[in-house]
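Asks: Have a look at this one.
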Ligand SMILES: Cc1ncc(COP(=O)(O)O)c(C=O)c1O
């Protein structure tokens with residue numbers, strides 16, 4: 001029997017109530033396509049209404065396409081349901097975010113509206129991509145994963161799992177891992193860290209979410225580097241932050257514009273700005289700290305790739321310069337171990353320890369125990385240090401080959417960000433086509449190169465980087481990087497794009513590749 005709840009004294013007629021309830025059951029999927037309905041006679045008897053009431057309601061539903069009445073065999077829910085009649089939202093259909101019936105007449109809400117601003121952050125990038133040689137900016141090269149050591153640690157810890165997995169752990173992360181992270185960051189980034197200040201998160205991405213939950217409400221100003229990491233900008237926007245763009249120059253994010261803002265959070269990537277690669281100067285770091293202190297703002301320092309530094313010692317982290325009072329420092333193991341580990345951390349000023357623990361417990365009651373203990377053992381046993389040393393050397397060789405090859409085959413290209421991380425930004429001279437066109441030519445040569453837009457950067461206003469390529473090199477051997485640049489140069493030549501490149505006045509200028517920190521164009 002169809003579960004109908006008719007109210008004899010209700011405003012709507014009984015026939016309308018039967019119609020509404022059956023239609024709602026079809027839309028909700030309770031009555032599935034193809035389901036046979038009881039006869040009008042049975043329904044009328046069961047519901048104690050006249051048969052005519054049921055017949056008229058069935059006829060209306062049939063006219064609108066919800067039911068099919070076959071003479072001799074009965075009445076069925078239509079299969080398939082005509083979309084123009086029902087518009088049941090399926091996963092991914094716009095109705096899920098705009099939950100209104102699409103048929104004419106007044107709009108009827110089907111579901112509550114989604115209150116968060118949703119924008120897509122596509123991070124999936126497993127294994128080899130579609131290009132033979134891929135300069136994709138990515139987390140870590142899967143070929144480098146320390147499989148043997150990781151397997152040993154998994155086996156060692158498996159016998160301890162049952163007691164640890166049967167209960168909840170501390171939301172801020174297990175002590176062993178927080179101690180290991182505190183030591184790692186103190187040793188490598190000269191930030192004095194107490195393990196209590198460490199909150200273990202599902203990557204830097206979760207840390208950005210937690211921070212936003214604490215400090216962002218609709219209209220709150222969040223200053224961001226422009227361009228910046230898309231994953232950060234979208235999180236802030238999802239909480240309806242008013243984004244305040246800070247332009248970049250060769251010293252990093254500019255501070256003066258902040259005076260025109262009311263920013264209570266300032267999101268920066270000072271070690272290796274994403275995506276431009278600029279390192280924030282020491283002077284700018286001090287100015288930023290001073291602005292934040294004077295204006296009671298927090299700085300969110302995303303130190304996503306500082307494990308990789310090739311030229312000279314890294315500049316001190318903001319969190320290390322500030323006695324940890326106004327800097328929330330974010331770190332991640334995505335670039336060293338791999339982003340599939342989904343483990344990162346926030347190091348917060350002491351007065352934020354409790355609020356961060358509380359917000360983390362509301363989010364997910366803490367990170368999985370097994371991942372944490374294996375990582376803690378990996379760090380404490382020296383595995384992480386050894387692993388980083390090994391891959392840093394490999395990346396450094398690829399980086400050198402890449403720079404040499406750009407110099408030889410592409411000419412006077414301005415390179416930013418070569419001192420660290422796993423990508424550089426290469427800005428092509430004026431006589432080259434746009435980065436988007438170069439990427440198209442490169443793809444025909446089997447080479448993946450990316451623009452600011454296609455790399456996961458977020459930019460407010462007209463782009464000043466239309467000739468900038470983002471070249472990630474974590475996936476490539478030195479030989480592949482060299483070959484990739486040669487293929488791009490060949491593709492440009494074949495597409496006759498080098499006509500202008502070869503014009504005599506330009507040859508002299510195109511002999512030198514800057515590994516520069518010149519002003520960004
Ligand atoms: C600048 C920047 N911040 C944060 C992240 C996210 O890191 P996680 O994987 O730890 O969430 C990335 C990822 O590539 C990044 O490029």
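Asks: How do 111, 450 rank when sorted from fewest to most other Cβ atoms within 10 Å of their own Cβ?
Replies: Numbers: 111 12, 450 24.
Placing the least packed residue first, the sequence is 111, 450.
Asks: Using a Förster radius of 45 Å, what is the FRET efficiency between residue 370 and residue 250 based on their Cβ-Cβ separation? Nearest 0.05, please. Display every interim value, and only then the final one.
Replies: Numbers: r = 45 Å, r/R0 = 1.00.
After rounding, the FRET efficiency stands at 0.50.
Asks: Still on this model: Based solely on C-alpha atoms, express the radius of gyration and the Dmax of segment 185-338 in angstrom.
Replies: Reported Rg and Dmax, both Å: 14.4, 42.
Asks: For the chain, what is the mean residue ellipticity at 222 nm derived from helices alone (per DSSP H run of n ≥ 4: -39500 (n - 2.57); sum divided by total residues; nearest 500 deg cm²/dmol)? Numbers along the way, then the final one.
Replies: Numbers: 18 runs with 196 residues, N = 521.
Value at 222 nm, helices only, nearest 500: -11500 deg cm²/dmol.
Asks: While we're here: When DSSP beta bridges are limited to those with both residues in the chain, what percentage is antiparallel, rounded to the nearest 5? It would help to have the intermediate numbers written out before the result.
Replies: Numbers: 30 of 50 bridges.
Within the chain, antiparallel bridges account for around 60 percent of the total.
Asks: Can you sort 466, 71, 166 by how many other beta carbons sit within 10 Å, fewest first? Can you show the working numbers first?
Replies: On the way: 466 17, 71 5, 166 8.
The order, fewest Cβ neighbours first, is 71, 166, 466.
Asks: For 318, 289, what's the fewest-to-most ordering of other Cβ within 10 Å of each Cβ? Write down the numbers at each step before the final one.
Replies: Values: 318 27, 289 19.
Placing the least packed residue first, the sequence is 289, 318.
Asks: If one computes the Cα centroid of segment 390-451 and of segment 201-220, what distance in Å separates the two points?
Replies: When both Cα centres are located, 33 Å separates them.
Asks: Something else: Return the distance in nm (one decimal) between the two label points of a simple spin-label model at residue 393 and residue 113, each offset 7 Å from Cα along Cα→Cβ.
Replies: Computed distance between label sites residue 393 and residue 113 equals 5.9 nm.
Asks: If you don't mind, there's one more thing I want to ask. On the principal axes of its Cα set, how long, how wide and how thick is the chain? Give whole Å, largest value first.
Replies: 92, 62, 53
Just so you know, all these numbers are worked out from the coordinates, no wet-lab data involved. Because the structure is a prediction, the values reported are computed rather than measured. Don't worry about glycine lacking a Cβ; one is built from the backbone with ideal geometry, like all the others, and counts go over all protein chains shown.
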